[in-house]
Every structure is written in C-alpha cells, then in structure tokens.
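The values are calculated or read from the model by the stated rules, or taken from the named source; none is laboratory data. Nothing here was measured: the structure is a model prediction, and the numbers come from that model. Because the Cβ atoms are built from the backbone with ideal geometry, glycine has one as well, and the counts that use them run over all protein chains shown.
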Ligand SMILES: NC(=O)c1ccc[n+]([C@@H]2O[C@H](COP(=O)([O-])OP(=O)(O)OC[C@H]3O[C@@H](n4cnc5c(N)ncnc54)[C@H](OP(=O)(O)O)[C@@H]3O)[C@@H](O)[C@H]2O)c1
C-alpha cells in the first residue's frame, strides 16, 4: 500500500485526490490545506504540525511558494514531490528526498478529467523513490514517463503555447464575436476540428489561412478591421511567425 499525503487542495490537489480515491494499493490518508476543505471524508488538517506519516508527500501549491512551503515541513528524509511543470526539482528543500509528480494536463476545479490518459512526468533524486513514483503514477494513468527537470521546463514552455496561449486566442475570438453580436458557439466546431486534425497531420502540415498562403490582400483587410484594437499587434506578430515557420527546426 502506498500512503499519500496531499499538501494543498486547489485544482491539482482536488483532482489528484479524486483520481487516487478507491485505487487499489493507494491510500490518501490525509490532506493538509491552509483553509478548511468542505465535503471530504479523508482526514484533513490546517496545521503543518499535525501532518501524519506517509510514503509520499505531494505538494500542490503555487509554483512561487513551493520552496518556502517545503522548507516548513516538520519532518526529515521523507519523499516530498511537487506537481509543477515549470519548477525545478531542486526548488524543494533538501531536508527531504526530492521528486516531481507532474500531471501534464490543465485542471480547473469543476471540470472532469480522465486521469488514465494524462501523462505523468516523474523525477526523483534516488532510484527507489523513482520506482515508487512510477508505481504510483501507473496506478492512476497509463502514461508515466521519467523526465528530468531540464526537459520538463522545456515541455512546460511548449505546454504554455499549446494550452494557455491557445485559450487566450479563444478569448480574443470570443470578444470579437461578442462585439459584433455573434455567438462564440459558431466558432466551436472550428476549434474542435483544429485540435482533431493534428491527430493525423503534423502541425506544420495542418496550418492553413492567409499567412500560410501569403495572401497579403486578406491580411491587409484584417489589419484594417483591427485598427485601434489591442489585438492588431498580436495578429501581425502571429502572421509573421507563421510566415517564418517554414524555417522552424523540428528535428
Ligand atoms: N492547474 C493546472 O492546470 C496545473 C496543471 C499541472 C500542474 N500544476 C501545478 O500544480 C501546482 C498547484 O497548482 P493549482 O492550479 O492546483 O493551484 P491552485 O488551484 O491555486 O491551488 C493552490 C493551493 O495551494 C494553497 N496555497 C496557496 N498559497 C499557499 C501558501 N503560501 N502556503 C500554503 N498553501 C498555499 C491554496 O490554499 P488555499 O485554499 O488556502 O488558498 C490551494 O490549496 C502548481 O505547482 C502548478 O504549477 C497545475
């Protein structure tokens, strides 16, 4: 049995809790969170001094507080991991054995995710801990990969482009639709098809649009429509990036 202690009950903490509940061979024995968590049966505490013994301590707090938070843990030589894509393993205090358990997905509190398909990127300072993290990862996902902090940081940059920036572009499209009194729903099949296409084509093969075709007339028209808009500069930058993308090195 692998006993888990979850430290932090935000988006990731909650999803990990749900994913690990009822899994054979894993028990979430306690949750620590600064504020009281409603509607959970797992024992919880708001005091670091009341934290119990566990095999793995999973810190799921914002990146910029991981280091300070880990230094406050009142025990030594335990396996303590964080769940961040962007933070190096060594931000964790070296008072404990360090590791990473990074689920490569976007999590929001009230959306369901299927953990079995989520890649879990693991890293640890020593072999036995790595083995344990792989076993833990495999109990909730079919896709567990060992990745170094340096690789994970690069992966995180790629993930920000894919998820955060793409979603920001949806947001821009939503404001353009709303300003022109059109439903954002009209664009949803296009969003779905864009994501589906890269299952069979590489992103460079899937690229379409005026920038790819070097259709300067349409580009000029769009820039005119965006005159005075904060999105104009972004449109220009992305258009330039698509034009230059032939020379991107993907080897
Ligand atoms: N969200 C994602 O999509 C995602 C995906 C993969 C990995 N991650 C990583 O997972 C980690 C957690 O992210 P999240 O999205 O779950 O964050 P979050 O929803 O903002 O939750 C943060 C949790 O940390 C607690 N917290 C905040 N500041 C604290 C402090 N100074 N001391 C103690 N506890 C503190 C909060 O407690 P209160 O409830 O008391 O405020 C809350 O329980 C981050 O490292 C993030 O990079 C996130």
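Summary of computed values
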| read-out | value |
| --- | --- |
| Residue tally, condition surrounded by fewer than 13 Cβ atoms within 10 Å (Cβ to Cβ) and either touching a helix residue (DSSP H, G or I) at 6+ places or on another chain (Cβ under 9 Å) or within 20 Å of residue 167 (Cα to Cα) (or both), over region 206-217 | 5 |
| Residue selected from region 4-20 under the condition part of a helix (DSSP H, G or I) and touching a helix residue (DSSP H, G or I) at 6+ places or on another chain (Cβ under 9 Å), by the criterion farthest from the ligand (Cβ to nearest atom) | 20 |
| Output for region 34-71, where each listed residue is over 22 Å from residue 105 (Cα atoms) and touching a helix residue (DSSP H, G or I) at 6+ places or on another chain (Cβ under 6 Å) | 67 |
| Residue check, residue 25 over 25 Å from residue 156 (Cβ atoms) and touching a residue at least 40 places away in the same chain (Cβ under 8 Å) | yes |
| Counted residues, region 203-232 - those being touching a residue at least 24 places away in the same chain (Cβ under 8 Å), farther than 14 Å from residue 176 by Cβ and not in a helix (DSSP H, G or I) | 3 |
| Residue pairs meeting the criteria (Cβ under 8 Å; at least 6 apart or on separate chains; first farther than 10 Å from residue 91 by Cα and not assigned by TED's automatic domain parsing to the domain that holds residue 98, in region 64-76; second within 11 Å of the ligand (Cβ to nearest atom) and outside any loop (DSSP other than H, G, I, E, B)) | none |
| Some residue of region 23-33 being more than 11 Å from the ligand (Cβ to nearest atom) and out of contact with any helix residue (DSSP H, G or I) (no Cβ under 9 Å at 6 or more places or on another chain) | yes |
| Given (1) surrounded by 11 or more Cβ atoms within 10 Å (Cβ to Cβ); (2) at pLDDT below 95; (3) not in a helix (DSSP H, G or I), index of the condition residue 245 fails | (3) |
| Any pair with Cβ under 7 angstrom, 6 or more apart, that starts in region 105-116 at a residue that is in contact (Cβ under 8 Å) with a residue 60 or more places away in the chain and closer than 12 Å to residue 140 by Cβ and ends at one that is in a loop (DSSP other than H, G, I, E, B) and within 12 Å of the ligand (Cβ to nearest atom) | 113/105; 113/107 |
| Hey, residue 123 farther than 30 Å from residue 226 by Cα, in contact with a helix residue (DSSP H, G or I) (Cβ under 7 Å, 6 or more places away or on another chain) and in the same structural domain as residue 16 (by TED's automatic domain parsing) or not | yes |
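Residue-wise test of (1) farther than 24 Å from residue 87 by Cα; (2) surrounded by 12 or more Cβ atoms within 10 Å (Cβ to Cβ); (3) within 27 Å of the chain's Cα centre (by Cα).
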| site | (1), (2), (3) |
| --- | --- |
| 147 | no, yes, yes |
| 152 | no, yes, yes |
| 164 | no, no, yes |
| 173 | yes, yes, yes |
| 197 | yes, yes, yes |
| 203 | yes, yes, yes |
| 235 | yes, yes, yes |
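Listed here are the residues, each with its yes/no results for (1) more than 15 Å from residue 7 (Cα to Cα); (2) within 16 Å of the chain's Cα centre (by Cα).
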position: 58; (1), (2): no, yes
position: 73; (1), (2): no, no
position: 106; (1), (2): yes, yes
position: 111; (1), (2): yes, yes
position: 114; (1), (2): yes, yes
position: 119; (1), (2): yes, yes
